[in-house]
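**Q** Below is the structure I would like to discuss, written out as structure tokens.
Laboratory data are not the source of any read-out in this text; all were calculated from the coordinates shown. Computed from a prediction, not measured in an experiment: that's the story for all the values here. FYI the Cβ positions are ideal-geometry reconstructions off the backbone, even for glycines, and counts take in every protein chain you see.
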Amino acid sequence: MSSLILVTGGAGYIGSVTVAELVAAGESVVVLDDLSTGHRSSVPSDVPFVHGDIAEEALVGAVIREYGVEAVIHFAAKSLVAESASDPLLYVQANLGKTASLLQSLKAAGVRTIVFSSTAAVYGEPDSVPIREDHPRRPVNPYGLTKLWIEETLGWCERSWGLAWIALRYFNAAGGVPERQLAERHHPETHLIPRLLNALETHEPAEVFGRDYPTRDGTAIRDYVHVRDLASAHLLALEAAKGGRSGAYNVGTGEGYSVLEVLSALEQETGMRLEHRVLPRRAGDPAVLVADGAKIRRDLGWQPQYSDLRSIVRTALDALPFAQP
Ligand SMILES: NC(=O)c1ccc[n+]([C@@H]2O[C@H](COP(=O)([O-])OP(=O)(O)OC[C@H]3O[C@@H](n4cnc5c(N)ncnc54)[C@H](O)[C@@H]3O)[C@@H](O)[C@H]2O)c1
């Protein structure tokens with residue numbers, strides 16, 4: 001049954017694609033976003049949009065009452081790993097502190113269903129891959145630590161006041177939705193595919209961080225999930241949480257690609273040659289992060305449809321010309 005869903009961070013990259021998928025599925029949505037990294041133009045004009053901070057409890061309470069919010073999908077966060085290492089308290093405050101305020105507002109209003117954007121960064125340097133959900137969580141940066149603390153906090157809210165929660169631990173979100181003009185647009189951009197696209201556009205060599213990893217070509221391997229497949233995971237998680245299920249799920253395909261493999265896929269799609277230069281590894285970047293995605297497939301029936309590397313690269317490219325400043 002349809003319900004009114006509050007989407008925090010719905011003007012961001014993954015949030016905006018999920019809003020579009022929710023609306024297409026007939027759900028009613030209200031977006032709350034402070035536009036610190038998101039884009040107003042990414043939210044359709046007929047979707048109610050509230051410009052504000054998730055930590056403003058009076059505002060969030062008013063939004064819940066006015067729209068009759070019954071469930072929340074919570075994307076809003078700061079997510080720059082290097083920034084989190086140089087300013088850890090900023091991340092504790094922005095991610096953990098503000099999520100605590102949001103949860104306080106939900107509790108006060110009697111909203112007891114939430115889907116939360118977690119991350120593979122909760123695992124840190126994995127002991128083994130593919131990574132299962134029961135792998136030890138030892139984040140190697142404050143960003144991952146704040147996400148781990150939020151997961152733990154959600155568990156305590158479940159035990160204390162009956163919150164039903166699902167944390168989706170995304171691996172690498174990628175790709176775009178050209179027909180909806182939705183592309184990945186972060187400033188600064190730390191993610192591989194938009195950085196490669198940027199290098200193509202500016203005719204600068206692409207930067208490859210680390211060529212000495214113990215992998216098949218020496219570059220880091222990641223599990224890329226198309227943003228539309230991530231969106232569908234949220235719709236399934238929301239249904240499951242509404243049915244009272246709680247827990248954490250990896251969202252990944254189980255297949256990993258190296259930096260050079262992604263670069264070469266982009267060259268093939270564009271027919272252009274992309275020069276690259278090798279720089280030292282970035283601190284806290286593990287050699288291989290690949291999900292064991294069996295749990296979400298089994299429990300929630302998730303099936304990625306767009307996450308082959310070619311579709312990811314193609315849609316990232318095709319979404320670009322529409323990008324607005
Ligand atoms: N992109 C990835 O590969 C990836 C991987 C793992 C986890 N995640 C998580 O997924 C979520 C979404 O990521 P994204 O790539 O779409 O990021 P994004 O920066 O594009 O989106 C975040 C959105 O939240 C908004 N926001 C931030 N703080 C806010 C606040 N206090 N109040 C209201 N709005 C606020 C921003 O304006 C933005 O629209 C984040 O929580 C991120 O940590 C992303």
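**Q** Given bins 5 angstrom wide, list per bin the percent of all Cα-Cα distances in segment 64-145, short to long.
**A** 3, 14, 20, 18, 16, 14, 9, 4, 1, 0
**Q** Now a separate question. Taking the Cα centroid of segment 166-182 and of segment 236-270, what is the distance between the two, rounded to the nearest whole Å?
**A** Using only Cα atoms, the two centres lie 8 Å from each other.
**Q** When the chain is modelled as a GNM with alpha-carbon springs shorter than 10 Å, which of Tyr123, Tyr67, Tyr13 fluctuates the most?
**A** Tyr67
**Q** Counting other C-beta atoms within 10 Å, which of Leu90, Leu320, Leu263 has the fewest, and how do the rest follow?
**A** Starting with the residue having the fewest Cβ neighbours, the order is Leu90, Leu320, Leu263.
**Q** Distance cut-off 21 Å, Cα to Cα: go down the list Lys78/Lys98; Lys242/Lys295; Lys98/Lys147; Lys98/Lys295 and report the pairs above it.
**A** On the way: Lys78/Lys98 11 Å; Lys242/Lys295 18 Å; Lys98/Lys147 12 Å; Lys98/Lys295 29 Å.
With Cα atoms farther than 21 Å apart: Lys98/Lys295.
**Q** Another question, then. Using the beta-carbon distance between Glu57 and Ser128 and R0 = 41 Å, what value does 1/(1 + (r/R0)^6) give for FRET efficiency, to the nearest 0.05? Could you put the intermediate results ahead of the total?
**A** Working: r = 42 Å, r/R0 = 1.03.
Efficiency computed from Cβ-Cβ geometry: 0.45.
**Q** Can you pull out the GluC sites (Glu not before Pro) in segment 192-279 that DSSP calls coil and that have at most 14 other Cβ atoms within 10 Å?
**A** Glu275
**Q** Once both labels are modelled 7 Å past Cα along the beta-carbon direction, what's the Ser28-Ser45 spacing in nm?
**A** For the pair Ser28/Ser45, the computed spacing is 2.3 nm.
**Q** Related question: What FRET efficiency, computed as 1/(1 + (r/R0)^6) with R0 = 45 Å and r the Cβ-Cβ distance, is obtained for Ser36 and Arg216, rounded to the nearest 0.05? Walk me through the intermediate numbers first.
**A** Working: r = 38 Å, r/R0 = 0.85.
Calculated transfer efficiency: 0.75.
**Q** Would you compute, from DSSP H runs of 4+ residues alone, the mean residue ellipticity of the chain at 222 nm, taking -39500 (n - 2.57) per run and dividing by the full residue count, rounded to the nearest 500?
**A** Details: 11 runs with 122 residues, N = 325.
After summing the helix terms and dividing by the residues of the chain, the value is -11500 deg cm²/dmol.
**Q** Please compute the contact order of segment 198-325 in relative form: average sequence separation of alpha-carbon pairs under 8 Å and at least six residues apart, divided by the residue count, as a percent. Working shown, then result.
**A** Numbers: 168 pairs, mean separation 48.3, N = 128.
RCO, segment 198-325: 38 percent.
**Q** What is the Cα radius of gyration of the chain over 2.2 N^0.38 Å, N being its residue count? Kindly include the intermediate steps, with their values, before the conclusion.
**A** Working: Rg = 18.9 Å, N = 325, 2.2 N^0.38 = 19.8 Å.
The reported ratio for this selection is 0.95.
**Q** Would you kindly calculate the mean projected area, averaged across all directions, of the convex hull enclosing the Cα atoms of segment 166-319, in square nanometres?
**A** On the way: hull surface 38.7 nm².
Over all viewing directions, segment 166-319 projects a mean Cα-hull area of 9.7 nm².
**Q** Between Glu275 and Arg138, how high is the FRET efficiency from 1/(1 + (r/R0)^6) when r is the Cβ-Cβ distance and R₀ = 35 Å? Nearest 0.05. Before the final figure, lay out the partial values.
**A** Details: r = 37 Å, r/R0 = 1.05.
My answer for the efficiency is 0.45.
**Q** Still on this structure: Can you tell me the orientation of helix 98-109 relative to the chain, as the angle in degrees between its alpha-carbon axis and the longest Cα principal axis, to the nearest 10?
**A** 30
**Q** Mind pulling the angle between the C-alpha long axis of helix 192-202 and the longest principal axis of the chain? Nearest 10 degrees, somewhere in 0 to 90.
**A** For helix 192-202, the angle is close to 60 degrees.
**Q** On full extension of the chain, what length is gained from Ala283 through Tyr67, given 0.36 nm per residue of separation minus the C-alpha to C-alpha distance? Before the final figure, lay out each step's value.
**A** Details: separation 216, 0.36 × 216 = 77.76 nm, distance 4.36 nm.
Extending this stretch completely gives an extra 73.4 nm.
**Q** Okay, next question. When Rg is the radius of gyration of the Cα atoms in segment 60-198 and Rh is its Kirkwood radius, what does Rg/Rh come to? Present the calculation step by step, with values, prior to reporting the outcome.
**A** Details: Rg = 16.5 Å, Rh = 16.6 Å.
Rg divided by Rh gives 0.99.
**Q** Let me ask another. Give me the angle, in degrees from 0 to 90, between the Cα long axis of helix 13-24 and the longest principal axis of the Cα atoms of the chain, rounded to the nearest 10.
**A** Its long axis makes an angle of about 60 degrees.
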